[in-house]
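What follows is a short report on a single structure.
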Amino acid sequence: MKAEHARNVSVVGAGLMGHGIGAVFALHGHNVTLMDIRQELLSNARTQIKNEFDRCIQAGLMTHDQRDDAFRRIETTLEMKEAVAGTDLVVEAVVENMDVKGQVFSQMDEFAPSKAILASNTSGLPITKIASFTKRPERVIGTHFWNPPLLMRAVEVVRGEQTSDDTVNTVRMILEKVGKKPVVVSKDVPGQVGIRILYTMLREAISLVEKGVATAEDVDTVIREALGTRLTNLGVLELADLSGLDLALTVSSNLFKDLDASKEPHALLREKVARGETGVKSGRGFYDWSKRSPQEVIRTRDEYLMRLLRER
Ligand code: NAI
């Protein structure tokens with residue numbers, strides 16, 4: 001299948017990621033069918049898409065006509081057969097659980113046209129394993145969108161062992177046409193590229209807090225105000241080139257032996273979870289969320305992302 005022939009896109013699982021992925025495709029002219037297991041989840045997805053489109057209009061990223069056209073292109077269903085009939089591309093965004101994804105892929109394979117590409121938004125489950133639940137492993141691929149899909153540009157395109165070059169190229173072109181920056185991940189490694197790097201950073205950040213080197217707030221200030229601002233327009237390898245690879249070699253020689261290299265989650269993290277301190281959802285994690293508004297944090301994040309998109 002050629003990218004320009006991918007008119008119909010289905011998104012299975014209309015939660016946090018699925019509704020946003022559906023919105024991206026609808027905004028760029030695709031007919032989108034969203035599927036989930038309960039009607040109220042589909043209604044929520046529609047409401048969220050409308051709210052996000054409205055915020056994009058306020059930010060000058062979209063017109064009223066674009067919103068109305070995109071919204072008209074979105075249909076919803078509770079039936080897999082209906083969701084994927086006549087589809088060109090299915091993006092699965094159900095919970096991160098191999099049993100559930102296996103069942104969903106097996107159904108998608110049964111009901112989608114044989115030429116359709118089946119993609120998973122998994123954050124790290126092996127695409128090769130997911131593909132094994134279908135009879136078309138050459139047309140199964142990972143498309144790891146970042147949250148929120150409407151505002152984040154990078155999408156990791158993950159090859160399974162049997163994914164064909166044709167599938168990789170088609171998906172890459174489809175994503176470019178909807179304004180994304182696809183990155184081909186050529187080996188099906190756990191955590192792909194972004195999540196591996198994020199968790200390398202999280203491992204060191206938790207270790208610094210655990211050892212009493214700095215508070216959680218101070219670690220995050222360094223990440224936001226030093227690393228984050230600089231890395232919005234420079235890659236870390238580009239940064240190493242700018243400061244000199246000889247310097248990178250010296251610092252690596254001195255520092256690597258001291259960096260955290262835990263093979264298991266830290267005691268601090270285990271204890272917090274055991275105490276029920278799971279973050280925003282319980283009101284306490286590394287921060288006391290009874291004193292901060294998560295909605296405000298997310299709003300500030302999205303306003304910043306919209307500003308970046310406007311300026312690019
Ligand atoms: P979520 O829990 O918000 O949404 C999952 C949706 O799938 C729910 O609405 C659920 O009802 C639906 N679902 C469950 N079983 C289903 C089935 N058999 N058929 C149809 N729908 C079904 O989860 P979220 O956060 O959207 O994650 C979805 C996928 O995206 C996961 O694989 C996750 O690892 C990945 N992901 C998540 C990111 C995040 O920031 N939350 C970022 C990038 C990837």
Problem set entry | Values of log10 I(q)/I(0), in the order q = 0.10, 0.13, 0.14, 0.15 Å⁻¹, for the chain under a Debye, Cα-only, solvent-free model | -0.65, -1.08, -1.22, -1.33
For this session: Using only Cα atoms, locate the centre of region 1-68 and the centre of region 145-220, then give the distance between them in Å, rounded to an integer.
Result: 22 Å
Seminar exercise, completed: Dimensionless Rg/Rh of region 112-151, both radii on Cα and Rh by Kirkwood, sits at 1.03
Problem set entry | the chain - mean residue ellipticity at 222 nm from DSSP helices (-39,500 (n - 2.57) per run, n ≥ 4, rounded to 500) | -14500 deg cm²/dmol
For this session: Could you quote the convex hull projected area for region 158-312, Cα atoms only and averaged over all directions, in nm²?
Result: 12.8 nm²
Problem set entry | Per-q log10 I(q)/I(0), region 17-148, q = 0.09, 0.11, 0.12 Å⁻¹ (Debye; single scatterer per alpha-carbon; no solvent) | -0.26, -0.39, -0.46
For this session: Please report Rg over Rh for region 61-120, where both radii come from the alpha carbon positions and Rh follows the Kirkwood definition.
Result: 1.08
Seminar exercise, completed: So the carbon and sulfur contribution to the accessible area of region 156-234, 1.4 Å probe, in percent, is 56 percent
For this session: With a 1.4 Å probe and every protein chain kept in, tell me what percent of the accessible surface of region 238-312 is carbon plus sulfur.
Result: 58 percent
Exercise. Which number comes out as Rg/Rh for region 258-312 once both Rg and the Kirkwood Rh are worked out on C-alpha atoms?
Worked result: 1.18
Exercise. What accessible area per residue, rounded to a whole number of Å², is obtained for the chain using a probe radius of 1.4 Å?
Worked result: 56 Å²
Seminar exercise, completed: What one gets for region 127-196 as the Kirkwood radius, inverse of mean 1/r over different Cα pairs in Å, is 12.2 Å
Problem set entry | Hull shadow area, averaged, region 98-229 [alpha-carbon convex hull, nm²] | 9.5 nm²
Problem set entry | Projected label distance in nm at LYS50 and VAL183, using a 7 Å step from Cα toward the beta-carbon | 3.6 nm
For this session: May I ask for the equivalent-ellipsoid semi-axes of region 1-83, computed as the square root of five times each C-alpha gyration tensor eigenvalue and listed largest first in whole Å?
Result: 20, 17, 9
Exercise. Taking the alpha-carbon centroid of each part, what is the distance from region 284-298 to region 230-258 in angstrom?
Worked result: 33 Å
Exercise. How many percent of the accessible area of region 4-86 is carbon or sulfur, using a 1.4 Å probe?
Worked result: 47 percent
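The values are calculated or read from the model by the stated rules, or taken from the named source; none is laboratory data. Quick caveat: nothing in here was measured; it's all calculated off a predicted structure. So basically every Cβ, Gly included, is an ideal-geometry build from the backbone, and we count neighbours across all protein chains shown. Ligands, DNA and RNA are excluded from the accessible area calculation, which covers all protein heavy atoms including side chains. Shrake-Rupley method; radii C 1.70, N 1.55, O 1.52, S 1.80 Å.
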